[in-house]
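Read-outs: derived from the displayed coordinates by stated rules, not from any lab. In this text, all values refer to a predicted model and were calculated from it rather than measured experimentally. Cβ placement follows ideal geometry from the backbone for every residue including glycine, while neighbour counts extend to all protein chains displayed.
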Amino acid sequence: MANCPMLFSFFALVFNGRRWALAALAAAGLATAGCASHSATLPPHLITFHIQSTDANGGTELTMPRNGLKYRYIPQTDLTIVDLQKVMLERVQLGLAMAFFFDPGGQRKLEAMTTKYQGRLLFVFDNNDPVGAVKIQDRISNGILPVWMDMPDDKLNDYAVDINESIAKIGDLKNK
């Protein structure tokens, strides 16, 4: 039963913003009798994107894992792994970055987010842990978001492969 919250989080991501989400969550609730056996079908990486909070008393605190910097972020988001098509590595000034490629719906969400929140940080979370950040400099309308990942460059290639496998698994589940 320890994996049951992960199952509910997954269904909330997949069915985010859809009217029939409650029905899907109810169906997931019925499936929790064998919850531990269902965890094998969940993708290992549930990616979410969150905006930096500018209110000192608002938002939720996070600590970046490698450098220990603390920030506050807005926990609610509409931009998740469900909106991704793939990730790829690209070389940037500071080393390697992970480029997140969004589907058409995700492109619209990303464009709205980067228009509204210019000057703030956009954080990437993996299973509720911060793994990357980028400062929003301009509106992004092409659906490609390069993000500096808070991990060693030699780990990025394997991580990108894992994320792409999770994206494919989400796509398979969405299309069933």
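Please state the shape class of segment 85-176: rounded when a/c is under 1.5, otherwise prolate if a/b exceeds b/c and oblate if not, all from the C-alpha gyration tensor. Note, shape of segment 85-176 comes out oblate. A DSSP coil position with no more than 16 other Cβ atoms inside 10 Å describes the following chymotrypsin sites (Phe, Trp or Tyr not before Pro) in segment 56-138: Tyr117.
Our summary gives segment 63-176 a relative contact order of 29 percent, counting only alpha carbon pairs under 8 angstrom and 6 or more residues apart. Scanning residues 5 or more positions from Val131 or on other chains, those with amide H under 5 Å from its amide H are Val124, Phe125, Asp126, with H placed 1.01 Å from N in the peptide plane.
Here the Karplus curve 6.51 cos²θ - 1.76 cosθ + 1.60, taken at θ = phi - 60°, turns the phi angles of segment 165-173 into couplings of 5, 5, 4, 5, 5, 4, x, 4, 5 Hz, with x standing for Gly and Pro.
Normalised by the number of residues in segment 112-176, what is the relative contact order in percent for Cα pairs under 8 Å and 6+ residues apart? After rounding, I find 24 percent. Applying a threshold of 28 Å to the alpha-carbon distances of Lys86/Lys116; Lys70/Lys169; Lys135/Lys176; Lys86/Lys155; Lys116/Lys169 flags Lys70/Lys169; Lys135/Lys176; Lys116/Lys169 as lying beyond it. Amide H contacts for Val147 (H built 1.01 Å from N in the peptide plane; partners 5 or more residues away or on another chain; cut-off under 5 Å): Met98, Ala99, Phe100.
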